Structure formats: C-alpha cells, structure tokens
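The values are calculated or read from the model by the stated rules, or taken from the named source; none is laboratory data. Because the structure is predicted, anything quoted here is derived from the model rather than measured. Cβ: placed from backbone, ideal geometry, glycine included. Neighbour counts: every protein chain shown. What goes into the accessible areas is simple: the full protein's heavy atoms, side chains included, and nothing from ligands, DNA or RNA. Shrake-Rupley method; radii C 1.70, N 1.55, O 1.52, S 1.80 Å.
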Amino acid sequence: MRIDVVSIFPEYLAPLELSLIGKARQDGLLHLNVHDLRDFTTDKHRSVDDTPYGGGAGMVMKAEPWAQALASVAAAGEGKAARPVLIVPSPAGERFSQALAYELAEEEQLVFACGRYEGIDERVLEWAEEHFSVRPVSLGDYVLNGGEVAVLAMVEAIGRLLPGVVGNPDSLVEESHSDGLLEYPVYTKPSVWRGREVPPVLLSGNHGKIAQWRRHEQFRRTAERRPDLLETFDAGKLPRADRTALAELGYDVVDGQLRTRTDAPD
Ligand code: ADE
C-alpha cells in the first residue's frame, strides 16, 4: 500500500517511523510519504491560510496550495491506484471504525489531507472528486487542533491490518471490535498478584470452558461499557450458550436482534 500525508507539520508524523508501522515501512509492506504543504506555495511567505469569506473567527486554508499538493501526490501514485482515496480528517466527517479500517486496508493508495485552523476551502474537496474518492473522516465527537493526530491513529489502525504487518494474524481476529464486541480481559503470571487471583477457569486447561468464559466476558463487558454495540449486534445465529449468557445479562434475542428485557421479574 502507498500512503501520502500532506501537512504543514510534517514532523508531527515522525512516530510513524516507530514500532510496527516503522518496521512495515522498512520491510516494504507500506510505502509512506509525508509532504509539507508549504512546498506547494508560490509566494515568498509560503502562506497557506487566509480570512474566511462571510466573516467569523479563525483562518481558512487556501485552495491552491492544496490543489498543487494533491495533484502532485496523485501523479506520484499514478499506476498504483485508478482512483486513490483522499481522507480528510475532520470532526465533521463520517466516524472512523474498525470496519472502515478494514475497508481502507484494501486500497492501493490512501492520501491524507491534514487540515488546520478552521478547515480547508470547501472547493478543494469538490475539485478533488475528479481525481480521488473523497472521504471526510472523524476520529470521534471532539475537536482536535488539526488532522495530524487523527492520521497517526488511522494509519496505525489501517497499517496493522496489511498482510505481514502483525506477526500473528490470529491476534487480529480476537481483538476488540473485530466481531462487534469488546475483547475479554487477559491475565499473565503470577497466578496470584497482591492477593488477586486469576479467574480459576483460565488455569483449568479446559479449552472449551475457557472459550465459553471468554465469550461470556465479552458480552458482560460490552453490556457494561458499550451497550450501544449490542443494539446493532447480529444475534441471529448465536449458539445456545451465548443466548444463555446474554439472558443472564438481561438480553433476549428477538428477530435476530438483542433486546433488553422489559418484563424483568419484580
Ligand atoms: N480534526 C479536528 N478534530 C478532528 C476529529 N475529531 N477527527 C478527525 N480529525 C479532526
């Protein structure tokens, strides 16, 4: 995969040289290039922003440097992807998720446009539709100072899904959000730490019981921390043991969907 990131703070992306993503780059699994937006300006102050039409607080990023930068990365990636995906990190975008990470991990080329200030002149996004599949994406319902931190998170989430990046691909299957549930709790030695024991079932050697316990814990945790995930969870084909576990937590399966029990006994 080829990834291009355009930013006025290219140094912000330095952590992408570390750890698994850094190694994936060294191994040639991920070709990541960071570009300085100011290299695509033509005035002596290398200015990238101006006051907003219509008034209001803050500054808006000018269209022309962005068009120059994006045309340049599109040309550099030519032949890689017919239509690269242009991801514009923004609190006004669609929500980033594990499902979107999996979808984007299939692409040949991703381009990230890091906005700052009040955002990028909207006409850039319209123009970019001619060359890219444009997707404004939000990390969550809060406001960052710019897109760089969001790019760090998204590149890590996408990059680790590329074949060969994570040593043991099984760990991708069992982690949080891979099946719409949160991950079960994990423990390591010693079996008793500061008077706290590891759940005995994990020491039993009974793999069936361990799998069942872990599944139950996934449901328990998800119900406690993220009940919203259970509202959209596909419960159509759940085995009886799962239904029993959910029933104990107060959830019934109705038409393949989970419903909290309203007829709970007094
Ligand atoms: N830029 C500023 N806030 C953001 C957010 N929540 N997600 C993605 N990019 C952003």
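List of remarks:
- In the stretch 78-85, the condition of being within 16 Å of the ligand (Cβ to nearest atom), in contact (Cβ under 8 Å) with a residue 40 or more places away in the chain, open to solvent by less than 40 Å² (accessible area, probe 1.4 Å) and closer than 20 Å to Phe132 by Cα is met by at least one residue.
- Extreme residue, farthest from the ligand (Cβ to nearest atom), among residues of the stretch 144-165 that are within 16 Å of the chain's Cα centre (by Cα) and either farther than 16 Å from Ile3 by Cβ or open to solvent by 50 Å² or more (accessible area, probe 1.4 Å) (or both): Arg160
- Those helices (runs of 4 or more DSSP H) lying entirely in the stretch 130-245 with at least 2 residues within 30 Å of Ile87 (Cα to Cα) and touching a residue at least 60 places away in the same chain (Cβ under 8 Å): 148-159
- Any chance Ser47 is more than 12 Å from the ligand (Cβ to nearest atom), modelled with pLDDT of 95 or more and either closer than 30 Å to Leu172 by Cβ or among the acidic types (Asp, Glu) (or both): no
- The selection criterion, being open to solvent by less than 40 Å² (accessible area, probe 1.4 Å), within 19 Å of the chain's Cα centre (by Cα) and more than 16 Å from the ligand (Cβ to nearest atom), holds for Leu30.
- Test: His216 is away from the ligand (no atom under 16 Å from the Cβ), closer than 22 Å to Pro89 by Cβ and open to solvent by 30 Å² or more (accessible area, probe 1.4 Å): no
- Matching option when the condition is in contact with a His (Cβ under 9 Å, 6 or more places away or on another chain) and at pLDDT 95 or above, among Ala14, Ala71, Ala63, Ala24: Ala71
- Enumeration of residues in the stretch 172-203 that are of a type in the set (Ser, Thr, Tyr), farther than 15 Å from Ala101 by Cβ and open to solvent by 40 Å² or more (accessible area, probe 1.4 Å): Tyr187, Thr188, Ser191
- The number of residues in the stretch 99-142 that are touching a helix residue (DSSP H, G or I) at 6+ places or on another chain (Cβ under 8 Å), open to solvent by 40 Å² or more (accessible area, probe 1.4 Å) and more than 12 Å from the ligand (Cβ to nearest atom) comes to 3.
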